[in-house]
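Below: the structure, in structure tokens.
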Amino acid sequence: MKEETLEISLTVNGEPITKTVPVRQHLVDFLRTDLGLTGSHLGCEHGVCGACTIRVDGAVIRGCLMLAVQADGADVVTVEGLTETGEIADLQKNFVERNAMQCGYCTPGMLITAADLLKNPTPTTREKIRAHLSGNFCRCTGYHAIVDAVETTINKRLEEG
């Protein structure tokens, strides 16, 4: 039996892409396998762990819960795209300085989710930061250093105005 495919056109990290994909291929698999963008990871495949977190049309989503064909016409941004634009440069620096990553598996998803919180930085509490990151699991750090890094980034951005 031949696998059904469909042509899709989308923008990924600012680049227009047109590809023929299997209709049942998940978006994160398309990004990793077809485009070589391996920052987003495939963890639980149930949308629970957050390792596959990406942005689609400005919204933070789980790439394992969306099919590539559903992204037809969409604007997709991965951690590589956020890095290229410099949007998360200060956040990445603070992750390193605060030792907020150990194995690194969850880090891309954490960065994308934190970047969503940082779009319009406002004074916030550690509890609100934890709540915002709650859909992203990390088994190595215990979250304290991650919250430190996000809190530091928010405070520095607010100071710089």
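The values are calculated or read from the model by the stated rules, or taken from the named source; none is laboratory data. These figures come from a predicted structure and were not determined experimentally. Here the Cβ positions follow ideal geometry from the backbone for every residue, glycine too, while neighbour counts run over all protein chains shown.
From the list ASP148, ASP90, ASP57, exactly one residue is over 24 Å from GLY14 (Cβ atoms) and modelled with pLDDT of 95 or more. Which is it?
On inspection, the qualifying residue turns out to be ASP148.
How many residues are assigned to a strand (DSSP E or B) and either at pLDDT below 95 or among the β-branched types (Val, Ile, Thr) (or both) if we restrict to segment 1-33?
Going through segment 1-33 one residue at a time, the tally reaches 8.
Could you please let me know if ARG130 is among the charged types (D, E, K, R), within 16 Å of ARG32 (Cα to Cα) and either in contact with a Phe, Trp or Tyr (Cβ under 9 Å, 6 or more places away or on another chain) or modelled with pLDDT of 95 or more (or both)?
No.
Go through the residues of segment 34-42 one by one and say whether even a single one is touching a Lys or Arg at 6+ places or on another chain (Cβ under 9 Å), surrounded by fewer than 22 Cβ atoms within 10 Å (Cβ to Cβ), modelled with pLDDT of 95 or more and assigned to a helix (DSSP H, G or I).
Yes, there is a match, as at least one residue in segment 34-42 is touching a Lys or Arg at 6+ places or on another chain (Cβ under 9 Å), surrounded by fewer than 22 Cβ atoms within 10 Å (Cβ to Cβ), modelled with pLDDT of 95 or more and assigned to a helix (DSSP H, G or I).
Across segment 1-18, what is the number of residues that are surrounded by 14 or more Cβ atoms within 10 Å (Cβ to Cβ) and touching a residue at least 24 places away in the same chain (Cβ under 8 Å)?
Selection size over segment 1-18: 6.
Consider segment 118-127. How many of its residues are free of Cβ contacts under 8 Å to residues at least 24 places away in the same chain and under 19 Å from the mean Cα position of the chain (by Cα)?
2
With LEU37, LEU111, LEU31 as the choices, which residue is within 30 Å of ARG157 (Cβ to Cβ) and assigned by TED's automatic domain parsing to the domain that holds ILE129?
LEU111
Kindly check whether there is at least one residue in segment 140-160 that is touching a residue at least 40 places away in the same chain (Cβ under 8 Å) and in contact with a strand residue (DSSP E or B) (Cβ under 6 Å, 6 or more places away or on another chain).
Checking segment 140-160: not a single residue is touching a residue at least 40 places away in the same chain (Cβ under 8 Å) and in contact with a strand residue (DSSP E or B) (Cβ under 6 Å, 6 or more places away or on another chain).
Would you confirm whether or not segment 85-97 contains a residue that is in a strand (DSSP E or B) and surrounded by fewer than 22 Cβ atoms within 10 Å (Cβ to Cβ)?
Taking every residue of segment 85-97 in turn, none turns out to be in a strand (DSSP E or B) and surrounded by fewer than 22 Cβ atoms within 10 Å (Cβ to Cβ).
Of all the residues that make up segment 98-110, how many are surrounded by fewer than 19 Cβ atoms within 10 Å (Cβ to Cβ) and either of a type in the set (Gly, Ala, Ser) or free of Cβ contacts under 8 Å to residues at least 24 places away in the same chain (or both)?
Looking only at that region, the number is 1.
Run down GLY58, GLY142 and say which single residue is over 23 Å from VAL23 (Cα atoms) and in the same structural domain as ASP29 (by TED's automatic domain parsing).
After ruling out the rest, the residue left standing is GLY58.
Quick test of your reading of the structure: ALA51 fulfils all but one of (1) free of Cβ contacts under 8 Å to residues at least 40 places away in the same chain; (2) within 13 Å of the chain's Cα centre (by Cα). Name the failing condition by number.
Of the numbered conditions (1) free of Cβ contacts under 8 Å to residues at least 40 places away in the same chain; (2) within 13 Å of the chain's Cα centre (by Cα), the odd one out for ALA51 is (1).
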